[in-house]
Amino acid sequence: MYRFNCDYLEGAHPQLLKRLTETNLEQTIAYGADEYSKSAKEKIRKACKCENAKVFFLVGGTQANYTVLDSILKNYEGVLSADTGHISVHEAGAIEFSGHKVLTVPGTDGKIAAADAKDYLEKFYADATYTHMVRPGAIYISHPSEYGTLYTKDELKALRDLCDEYSMKLYLDGARLGYGLAAENTDVGLSEIAEYCHAFYIGGTKVGALFGEAVVFTDESSGDYFFTEMKQHGALLAKGRILGLQFDELFTNDLYYNIGKHAVALAMKIKKAFVEKGYKPYLDSYTNQQFFILENEKLKELLEKVVVDDWGPVDETHSLIRVTTSWATTEEAVDYLISLI
């Protein structure tokens, strides 16, 4: 049965497995000090057009989020997030467990608007008792968002300007960044993200890697002791070359971008077919995540033959579904899905 409910169901892209196998018996320095990791970091700096960026490799997204945020936040600070943000909804309180509160702002299609964040901050500092409260020290965004939507360059700039005004940090969760970079009609690339975000990570787990995320600090005042903080948080992989080598391969000959383009092209094919058959998109996503409203009876029929993500009822007779493609999705699987609708 074909599955369209997630984008990290398979192992790893064959080229990464090939490199891992070829280098398996090599002896390298531990903890990411190996030549593969050094090469990968340099390729990432070049792709970001940020030669002074500090790059680190971690195993997973939640681990990256709570380690980075704990690093850039002071002990009395919290982080602003859209109410649908991953750190607020689906990370089991990891940020709170590290001692920082997630401060939520109503999101729009999964995104946090600078105007809404500013309204929160103005009200916070207008409260005479704000020194008794958790100070917002950072803004968290994800690109793409939980709903597959993307920030524009102007939106990123507005958020960065707001952070500068209030002495905050802008942090971007890039779990699916490869699919965002490959999306149609986007004016945001790695260089724009590096320009406006103090820190972000480039997702590998959901974009072709066996596991792994590349954390990037562009802010000169951040990341100096992040290696030690990784160790403290249990986020330092002894066999660091396994992470570095994968990103070295992903950032060779545009593999990371091509992986994203493949998934997005198939997602657009699915979107076009659903729309042509009269299904209403929940919102306009140009990434590998697509959302549609289906009659409950049709959803029940569909789930007997393929797996899609049921996001719950919209009304008494309709439900919201998410259809997700990945680097490993095949034309055959997509054609089969389309034949069922």
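The values are calculated or read from the model by the stated rules, or taken from the named source; none is laboratory data. Nothing here was measured: the structure is a model prediction, and the numbers come from that model. Using ideal geometry, Cβ is built from the backbone for each residue, glycine included, and neighbour counts are taken over all protein chains shown.
Just wondering, is there one or more residues in region 124-131 that are touching an Asp or Glu at 6+ places or on another chain (Cβ under 9 Å) and not small (Gly, Ala, Ser)?
no
Looking at region 96-112, which of its residues are more than 16 Å from the chain's Cα centre (by Cα), crowded, with 18+ Cβ neighbours inside 10 Å and within 14 Å of Ile141 (Cα to Cα)?
Passing the criteria: Val102, Leu103, Thr104, Val105, Gly107.
Assess whether Asp284 counts as being loosely packed, with under 15 Cβ neighbours inside 10 Å and more than 22 Å from Tyr8 (Cα to Cα).
yes
Pick out the one residue from Tyr140, Tyr147, Tyr151 that is in a loop (DSSP other than H, G, I, E, B) and under 20 Å from Ala194 (Cβ atoms).
On the way: Tyr140 fails: in a loop (DSSP other than H, G, I, E, B); Tyr147 fails: under 20 Å from Ala194 (Cβ atoms).
The match here is Tyr151.
So is Asp127 over 17 Å from Ile87 (Cβ atoms) and either in the same structural domain as Gly85 (by TED's automatic domain parsing) or modelled with pLDDT of 95 or more (or both) or not?
Taking the combined requirement at face value, the residue satisfies it.
Quickly run through region 308-341 and pick out the residues that are within 21 Å of Glu10 (Cβ to Cβ) and exposed (fewer than 15 other Cβ atoms within 10 Å of the Cβ).
Scanning region 308-341 gives Thr330, Glu331, Glu332, Asp335, Tyr336.
Please work out which one of (1) free of Cβ contacts under 8 Å to residues at least 60 places away in the same chain; (2) within 29 Å of Phe4 (Cβ to Cβ); (3) in the same structural domain as Lys157 (by TED's automatic domain parsing); (4) more than 14 Å from the chain's Cα centre (by Cα) is the condition Gly174 fails and give its number.
Condition not satisfied by Gly174: (4).
If you check Leu181, Leu156, Leu162, which single one turns out to be over 16 Å from Thr104 (Cα atoms), assigned by TED's automatic domain parsing to the domain that holds Gly61 and either buried (at least 24 other Cβ atoms within 10 Å of the Cβ) or of a type in the set (Ser, Thr, Tyr) (or both)?
After applying the criteria, what remains is Leu181.
Kindly indicate which of Thr28, Thr21 is outside any strand (DSSP E or B), in the same structural domain as Ile112 (by TED's automatic domain parsing), farther than 30 Å from Leu170 by Cα and touching a helix residue (DSSP H, G or I) at 6+ places or on another chain (Cβ under 7 Å).
Details: Thr21 fails: touching a helix residue (DSSP H, G or I) at 6+ places or on another chain (Cβ under 7 Å).
Sole residue among the options that is outside any strand (DSSP E or B), in the same structural domain as Ile112 (by TED's automatic domain parsing), farther than 30 Å from Leu170 by Cα and touching a helix residue (DSSP H, G or I) at 6+ places or on another chain (Cβ under 7 Å): Thr28.
Against the conditions (1) in a helix (DSSP H, G or I); (2) over 21 Å from Gly234 (Cβ atoms), where does Gly11 fall short? Just the number, please.
(1)
Per-residue answers, yes or no, for (1) charged (D, E, K, R); (2) touching a residue at least 60 places away in the same chain (Cβ under 8 Å); (3) not assigned by TED's automatic domain parsing to the domain that holds Asp284:
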{"site": "Ser71", "(1), (2), (3)": "no, yes, yes"}
{"site": "Asp109", "(1), (2), (3)": "yes, yes, yes"}
{"site": "Leu121", "(1), (2), (3)": "no, no, yes"}
{"site": "Thr131", "(1), (2), (3)": "no, no, yes"}
{"site": "Tyr140", "(1), (2), (3)": "no, yes, yes"}
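Six or more apart or on different chains, Cβ under 7 Å: which pairs go from a residue in region 90-102 that's without any contact (Cβ under 8 Å) to a residue 40 or more places away in the chain to one that's exposed (fewer than 15 other Cβ atoms within 10 Å of the Cβ)? Could you list them?
These pairs meet every condition: Gly99/Asn75.
Which helices (runs of 4 or more DSSP H) sit wholly inside region 199-303 and have at least 2 residues that are among the acidic types (Asp, Glu) and out of contact with any helix residue (DSSP H, G or I) (no Cβ under 7 Å at 6 or more places or on another chain)?
Where helices (runs of 4 or more DSSP H) fall fully within region 199-303 and carry at least 2 residues being among the acidic types (Asp, Glu) and out of contact with any helix residue (DSSP H, G or I) (no Cβ under 7 Å at 6 or more places or on another chain), they are 296-303.
Mind checking which pairs have a first residue in region 2-24 that is among the aromatic types (Phe, Trp, Tyr) and at pLDDT 95 or above and a second that is assigned to a loop (DSSP other than H, G, I, E, B) and crowded, with 16+ Cβ neighbours inside 10 Å, Cβ under 6 Å, 6 or more apart or different chains?
From region 2-24, the pairs are Tyr2/Val306; Phe4/Val308; Tyr8/Thr205; Tyr8/Lys206.
Could you run through region 1-18 and say how many residues are of a type outside the set (A, V, I, L, M, F, W, C) and out of contact with any helix residue (DSSP H, G or I) (no Cβ under 9 Å at 6 or more places or on another chain)?
4
Looking at Ser339, is it among the hydroxyl-bearing types (Ser, Thr, Tyr) and outside any helix (DSSP H, G or I)?
Here the answer is no, as Ser339 does not meet what is asked.
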